[in-house]
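To start, the structure itself, in structure tokens.
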Amino acid sequence: ESFVSADVVIIVDVSGSMADKDSRGGRSRYDVALEELAQLQASLPGKIAVLAFSTDTVFVPSGQPPMLCASTNLAGALRFAKPADLPGMRFVVISDGAPDSEQMALDVARTYAARIDTVFVGRETDQHARDFLRRLAEASGGQARTAAQVRELAAVTLKLLE
């Protein structure tokens, strides 16, 4: 039912690396991801479906994903969300950009008709991870942002949904 009324599917990384405390303000990547998710939820009340991924992907009706602390199966998460890839749907991946297989994730992203935007929440100096999330977004015509720029992402997402 949440997917029926959703305009955006947020895919949140809750893998083990998200517990690292090297994100904005010395906080964990997971905590920053939750903060960014809350910003997006406030911008689009009742219009967001949340998926959490680690080794497996789970639908999170409460909107607050649990920390699962396992591997980072982003390709699996994108496959899980693929049935929602319908006209008008948007996707946002919030991650530290360290998937199990970059190539598999990129391959799945290229099959999407809808845009996939990305929000980076990892170590600010991790250029490889930022580059991967940029390539993931570009694979579907999306935009890549850092957590510091999420308000801009929310504004862009709102304009695109109008």
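Some notes on this structure:
- Between segment 74-99 and segment 103-146, the C-alpha centres lie 10 angstrom from each other.
- Estimated dipole of the chain in Debye, rounded to 20 [Cβ of Lys and Arg +1, of Asp and Glu -1, Cα centre]: 260
- Of the residues 86, 68, 34, the one that moves most in a GNM of the chain with alpha-carbon contacts below 10 Å is 86.
- With only Cα atoms counted, the chain has Rg and Dmax values of 13.8, 40 Å.
- One quarter of the convex hull surface built on the alpha carbon atoms of segment 1-96 amounts to 5.6 nm², the projected area averaged over directions.
- Solvent exposure of the chain, expressed per residue, is 44 Å² of accessible area, with all protein chains present and a 1.4 angstrom probe.
- Portion, in percent, of the accessible area of the chain that falls on carbon or sulfur, probe 1.4 Å: 53
- For residue 21, the accessible surface of its heavy atoms amounts to roughly 150 Å² (probe 1.4 Å, protein chains only, rounded to the nearest 10).
- In this structure the amide hydrogen of residue 115, modeled in the peptide plane, comes within under 5 Å of the amide hydrogens of 91, none closer than 5 places in sequence on its chain.
- When segment 50-97 is reduced to its Cα atoms, the Kirkwood hydrodynamic radius in Å: 11.4
The values are calculated or read from the model by the stated rules, or taken from the named source; none is laboratory data. If you're wondering where the values come from, they're calculated on a predicted model, not measured in any experiment. Counting neighbours? That spans all protein chains shown, and the Cβs are built from the backbone with ideal geometry, glycine included. Note: areas computed on protein heavy atoms with side chains; ligands, DNA, RNA excluded. Shrake-Rupley method; radii C 1.70, N 1.55, O 1.52, S 1.80 Å.
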